[in-house]
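The values are calculated or read from the model by the stated rules, or taken from the named source; none is laboratory data. No experiment lies behind these values; they were computed from the predicted model shown. All Cβ positions, even for glycine, are placed from backbone atoms using ideal geometry, and neighbour counts span all protein chains on display.
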Amino acid sequence: MSLNLLRLALKNIGSRKTRSWLTILGVLVGVTAVVALLSIGTGVQEAVLQQFEDIGYDIILIAPMNAGGPGRAVGGPGSGAMGGRFAAPSAALVDDSSSGGLFSPDSLGAGSSEAGDAQEQPDRADEALGRMLSSGLDTDLLLTKVPQLVEAGTLGTQIHPVDTGATTGFLRVSTPSMEFLESFPSVLGGFEIAGGRTFTNVAENQVVVGARSAELLQLAVGDSISIGGIPFVVVGILEASDQSVEGAGDAASEEGGLSGQSLAQNLGSSGSADLVLRGMTNTDDSLFVLDERASEVFDTRGAMSVTIARVEPGASISETKDAINVAIGLQEATGTPISIQEVADEIQGTLSLIETVLASIAAVALIVGGVGLMNTMYTAVLERTREIGILKSVGARDGQVMTLFLIDSGLMGLIGGVLGLLLGSLLSLFGTRLLGPSLGVGSFTPVIDAGLVGGVLAFSFVLGALSGAWPAWRASRLNPVDALAAE
Amino acid sequence: MLVLQDVYKTYRMGDTDVRALRGVSLELPPAAFSVIMGPSGSGKSTLMHLAGCLDVPTSGCVEYGGHDLTVLSSRERAAFRAAEVGFVFQKYNLVANLSAMDNVALPLLLGGSTTKQAHGRAREALETVDLLDRIGHRPAKLSGGEQQRVAIARALIGDPAMILADEPTGNLDTATGDRILELLHGLTEEDKSVIVVTHNPEIAAEADLLVHLRDGRIESLQRAEVAR
């Protein structure tokens with residue numbers, strides 16, 4: 001019997017095409033917004049969490065300078081002093097082959113941590129700044145004092161002038177030790193070599209180049225380049241990573257220039273721990289020189305370094321962090337331990353909050369659609385009063401009249417839900433392509449799982465039925481004689 | 001047999017009470033052609049609504065086959081209408097977005113028959129009123145006479161014992177109206193009680209029972225022998 005009612009409801013929807021479609025459109029817009037936002041939001045969360053998973057949740061990062069909470073530990077002090085030192089946007093590589101490639105006097109002045117001759121003393125470097133940039137931790141000592149740690153290493157980063165002969169500019173040079181590369185390749189995005197090989201000799205001036213740097217500098221394995229005035233030979237080029245900070249408010253890189261300052265800029269402007277990580281794990285824009293070599297040939301006083309340690313399986317992260325704090329104190333070093341888990345939690349919390357806010361806004365659109373549906377159904381009851389009288393005169397029960405109207409509105413909700421789901425999915429597929437790069441998570445896929453699909457369909461049907469409930473109830477209570485008398 | 005005993009019906013219309021029926025007692029015999037006449041506002045339609053269980057009296061008793069209809073719940077009244085009554089209205093009252101076939105099948109569809117069964121019966125009913133060629137037409141595509149025949153087919157499809165027609169020829173020209181009346185009158189031969197509310201004295205001439213109402217009361221009541 002309800003099948004008959006369904007047929008009757010369908011005929012009714014079909015006979016009022018324009019209004020039915022307009023009503024459906026209202027629901028559709030709301031559902032589209034909700035689906036697109038939720039699927040993109042979940043997709044971003046999963047992509048970001050995947051990054052942390054790749055690095056490993058057993059890793060603790062010891063950022064220089066004790067600056068309070070985990071999120072602020074690194075960047076807190078950066079905006080002032082470090083901004084002046086590193087974050088000059090014009091420090092990006094000037095890729096201008098026609099003019100032979102020169103950097104502007106501006107960039108020379110502002111980004112001159114190591115500008116010119118490496119032998120030249122950085123005139124503004126002092127002890128305090130050194131402590132901000134490097135915790136000064138001895139990792140061997142740390143390992144003996146904190147038994148929960150299985151391995152530890154330090155990754156230094158410095159901005160150096162780079163000259164390939166055809167192009168010059170400033171680039172980020174990361175200086176992992178041989179041991180670090182073996183223990184923590186995940187921190188450097190796996191450090192997978194696409195061409196050439198990895199470092200073989202700590203006694204030679206070898207450099208491994210990130211994918212994008214290699215492309216923009218037109219470097220091949222075996223090429224010679226000058227870093228900080230020292231001649232180096234390219235021994236390997238890295239696999240391109242999935243991610244990119246391109247477009248993250250970085251005009252230089254959008255123009256095709258190289259964002260050598262990305263780490264420094266990230267630290268200087270927003271300074272969240274995840275950006276440190278992202279700066280490290282985004283290997284595309286970096287050059288890599290072994291720490292053993294770098295400490296020989298460069299003046300590393302202006303280098304920023306982060307200590308990475310791996311926690312023994314099963315050990316408590318928070319207890320380990322406490323022990324690290326004690327060890328830092330014993331060494332009279334500075335620094336704050338942050339676990340990858342903490343960073344991931346913090347970011348996930350932020351992402352969830354953003355997602356909730358956006359989904360709430362989308363939900364408002366959906367509620368507006370529901371109100372539109374209610375309005376349509378209410379008008380329909382007024383318009384169809386006589387029809388209700390007819391149905392009752394031929395024996396329809398109150399419940400049947402109500403069901404008929406509920407199916408009517410529920411179906412419109414459901415159709416809006418199905419179409420909204422399709423449109424929202426399409427939108428999120430496009431959206432992820434647009435958003436992926438600017439969010440710095442590289443390519444990611446929207447998450448449209450059974451839960452979302454089922455939830456949206458059930459919700460839109462219920463929304464439709466609920467919106468129609470009151471009008472339907474009114475319809476069912478109409479006195480047949482009065483209803484028949486209606487014009 | 002439908003029996004009304006001292007039936008009163010008062011409507012509230014805005015601020016005033018309209019006393020549509022004021023103590024009507026009446027027996028409507030089975031398988032008879034009963035005609036209710038009277039000027040506008042005399043309570044004819046109200047009487048028909050009470051007889052067809054579309055409404056309940058303010059006081060008094062409406063009995064059908066010995067059962068008191070006034071004590072029925074809304075659901076039971078709906079079931080009574082579905083089983084025992086077929087309505088034919090002056091304005092035809094067809095559902096605009098349904099075909100002639102679906103309009104006729106509606107009572108069965110609501111009653112839980114399968115579409116196939118309902119359509120089969122609807123086809124037969126439409127054949128009875130000679131409208132097989134209009135089976136897929138919507139009401140807007142049908143003439144007044146055709147619409148009324150569809151309405152009669154709908155009233156007949158549930159095989160009710162009682163057909164209640166409220167001014168069935170009011171919107172039709174004379175020739176068409178005569179045809180409809182003939183159709184209704186013929187139904188008494190199938191042992192159905194046909195109760196027609198009308199202004200039309202020609203219909204009255206056909207009546208087995210002729211009731212004149214005025215101001216909510218029975219003014220006169222004539223049996224067939226007298227009426228003819």
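For this structure, a couple of remarks:
- Checking B:Ser42 against (1) within 14 Å of chain A (Cβ to nearest Cβ); (2) surrounded by 18 or more Cβ atoms within 10 Å (Cβ to Cβ); (3) of a type in the set (S, T, N, Q), the condition it does not meet: (1)
- Residues (within 32 Å of the chain's Cα centre (by Cα) and under 15 Å from A:Ala294 (Cα atoms)) located in region A:210-233: A:Ile227
- Restricting attention to region A:144-183, the residues that are surrounded by 23 or more Cβ atoms within 10 Å (Cβ to Cβ) and over 20 Å from A:Phe298 (Cα atoms) add up to 2.
- Just so you know, in region A:9-34 the residues that are out of contact with any Asp or Glu (no Cβ under 8 Å at 6 or more places or on another chain) and within 9 Å of chain B (Cβ to nearest Cβ) include one that is farthest from A:Gly464 (Cα to Cα), and it is A:Ser15.
- All positions within region B:45-61 that are touching a Leu at 6+ places or on another chain (Cβ under 9 Å) and away from every other protein chain (no Cβ under 14 Å): B:Gly60, B:Cys61
- Entirely in region A:163-237, the strands (runs of 3 or more DSSP E) that have 2 or more residues that are under 25 Å from A:Ile308 (Cα atoms) and touching a helix residue (DSSP H, G or I) at 6+ places or on another chain (Cβ under 8 Å): A:168-176, A:206-209
- Region A:282-326 - residue that is part of a loop (DSSP other than H, G, I, E, B) and acidic (Asp, Glu) and, of those, farthest from A:Arg197 (Cα to Cα): A:Glu312
- The criterion of being of a type outside the set (A, V, I, L, M, F, W, C), in contact with a Lys or Arg (Cβ under 7 Å, 6 or more places away or on another chain) and not assigned by TED's automatic domain parsing to the domain that holds A:Gly228 does not hold for A:Thr385.
- Residue in region A:445-457 that is buried (at least 21 other Cβ atoms within 10 Å of the Cβ) and under 26 Å from A:Arg7 (Cα atoms) present: yes
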